[in-house]
Amino acid sequence: SLVFVDGHIVRFTNDASPGAGTTRRIKMPATGYGYVLPQARILYQGGDYVELRWDAAASLWVEHRYVTGYTGAVPPTTLTDGATVTANLSLGSDLEWTIGGNRTLANPTNARAGMTGTIRVTQDGTGTRVVTYGTNWRFPGGAAAGGVLSVAAGAVDILRFTVGSDGLILAVLDKAMAV
């Protein structure tokens, strides 16, 4: 029987010559088999890799790092709207969320010091939605000033964040992006 230590890393690497353009695909069910991979990962060329990290508390492998030289964008992860929304940063740190009511954005799970990311927040067709934030979120001027969303129906705001070594999530909201 294998025993894994919390934080143990396993790497899957495209073994083609760098720049050869040989594509490899890593596809696993999202849950239920002892690992969490947010979506199929494509290793486009030699040297591209995906790493899984053992999370002892959850007793499963979670995506740790996805590195590709591919110049195309990796699609963002969509957050499921609800009364309380909790981002699982092991599934990605570039996120999209259409807010359908007054909500709480809880502290994310699997946040690690040094992580950065964005959440594209879109007001639904009604607009005027308000977000309150978990205890670790910090904004310039406080959440009541720096964390207030644009209220127009369909408005798009970009929430940029960095996770500090103290677990605090330092965030800046870019409001009313022209889309």
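The single residue among 160, 129 that is crowded, with 19+ Cβ neighbours inside 10 Å and not hydrophobic (A, V, I, L, M, F, W, C) turns out to be 129.
Look at (1) within 17 Å of residue 176 (Cα to Cα); (2) of a type in the set (D, E, K, R); (3) open to solvent by 40 Å² or more (accessible area, probe 1.4 Å) and you find that residue 124 fails only one, number (3). Of all residues in the stretch 25-66, count the ones that are open to solvent by less than 30 Å² (accessible area, probe 1.4 Å), more than 20 Å from residue 114 (Cβ to Cβ), modelled with pLDDT of 75 or more and assigned to a strand (DSSP E or B). Within the stretch 25-66, residues that are open to solvent by less than 30 Å² (accessible area, probe 1.4 Å), more than 20 Å from residue 114 (Cβ to Cβ), modelled with pLDDT of 75 or more and assigned to a strand (DSSP E or B) number 2.
With the requirement that a residue be among the basic types (Lys, Arg) and over 17 Å from residue 93 (Cα atoms), what does the stretch 111-137 give you? 129, the sole residue that qualifies.
A quick yes/no check of all residues on (1) among the charged types (D, E, K, R); (2) touching a residue at least 40 places away in the same chain (Cβ under 8 Å); (3) in contact with a strand residue (DSSP E or B) (Cβ under 8 Å, 6 or more places away or on another chain):
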site	(1), (2), (3)
76	no, yes, yes
100	no, no, no
129	yes, no, yes
161	no, yes, yes
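Take the residues of the stretch 86-101 that are part of a loop (DSSP other than H, G, I, E, B) and within 9 Å of the chain's Cα centre (by Cα): which is farthest from residue 43 (Cα to Cα)? Filtering the stretch 86-101 for residues that are part of a loop (DSSP other than H, G, I, E, B) and within 9 Å of the chain's Cα centre (by Cα), the one farthest from residue 43 (Cα to Cα) comes out as 87. The number of residues in the stretch 67-85 being surrounded by 15 or more Cβ atoms within 10 Å (Cβ to Cβ) and either within 12 Å of the chain's Cα centre (by Cα) or modelled with pLDDT of 85 or more (or both) comes to 4. Residues that are part of a loop (DSSP other than H, G, I, E, B), on the phi < 0 side of the Ramachandran plot and exposed (fewer than 15 other Cβ atoms within 10 Å of the Cβ) within the stretch 102-121 comprise 102, 112, 113, listed in sequence order.
Among residues of the stretch 107-129 being of a type in the set (Val, Ile, Thr) and more than 14 Å from residue 153 (Cβ to Cβ), the one that is modelled with the lowest pLDDT is 116. Screening the candidates 137, 54 for the property of being more than 22 Å from residue 13 (Cβ to Cβ) and among the hydrophobic types (A, V, I, L, M, F, W, C) yields one hit, 137.
The values are calculated or read from the model by the stated rules, or taken from the named source; none is laboratory data. Here the structure is a predicted model, which means the values were calculated and not measured. Here Cβ is always computed from backbone atoms with ideal geometry, including for glycine, and neighbour counts include all displayed protein chains. Only protein heavy atoms, including side chains, enter the accessible area calculation; ligands, DNA and RNA are left aside. Shrake-Rupley method; radii C 1.70, N 1.55, O 1.52, S 1.80 Å.
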